[in-house]
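The values are calculated or read from the model by the stated rules, or taken from the named source; none is laboratory data. Just so we're clear, the structure is a prediction, and the values are computed from it rather than from any experiment. Here the Cβ positions follow ideal geometry from the backbone for every residue, glycine too, while neighbour counts run over all protein chains shown.
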Amino acid sequence: MRILDEDIHMAANLKASFRLYWYLWLALFLTALLDFATTLLFMYQGGIGQEGNYIIRLLAYTFGIVPGVLLGKSLQIVATVGFSTLSLRMSRPILLLILLINFLAVIINLLGPNTIR
């Protein structure tokens, strides 16, 4: 694939990202699972309307709490994979950013409704 006159080897980028940053990918999946679980707990305790992320709130209202949150987390992982395939150089910063987002979401979810919002 060519973007802006640069050859992009998508499969090679993704393989190299998994090989070089396996620990970040593992941490991503662990924090995604933690975020998923704490978001479910948070929503069952405080209601869907207390969710701060508009997309997750919309998905939860549309598909239900579990399917909506699962779809939202899946889209986050798909987007991370997509960006990692486009640029190996940006793979590490993207993974670190998503890890930070997930980590902060877990903390906010554990603090409970109306704590930070």
Within the bounds of region 78-92, is there any residue that is at pLDDT below 90 and more than 20 Å from residue 23 (Cβ to Cβ)? yes
Residue count, region 79-102, condition of a type in the set (Gly, Ala, Ser) and either closer than 17 Å to residue 34 by Cα or surrounded by 14 or more Cβ atoms within 10 Å (Cβ to Cβ) (or both), comes to 3
Count of region 31-48 residues which are under 15 Å from residue 61 (Cα atoms) and assigned to a helix (DSSP H, G or I): 7
Residue by residue through region 36-63, note down the ones that are farther than 19 Å from residue 99 by Cα and of a type in the set (Phe, Trp, Tyr). 42, 44, 54, 61, 63
Please work out if residue 66 is surrounded by 13 or more Cβ atoms within 10 Å (Cβ to Cβ), assigned to a helix (DSSP H, G or I) and either without any contact (Cβ under 8 Å) to a residue 24 or more places away in the chain or not polar (S, T, N, Q) (or both). yes
For region 12-24, pairs from a residue that is modelled with pLDDT of 95 or more to a residue that is surrounded by fewer than 19 Cβ atoms within 10 Å (Cβ to Cβ), with Cβ under 8 Å and 6 or more apart or across chains, are 24/92; 24/96; 24/99
So is residue 109 touching a Phe, Trp or Tyr at 6+ places or on another chain (Cβ under 6 Å) and surrounded by 15 or more Cβ atoms within 10 Å (Cβ to Cβ) or not? yes
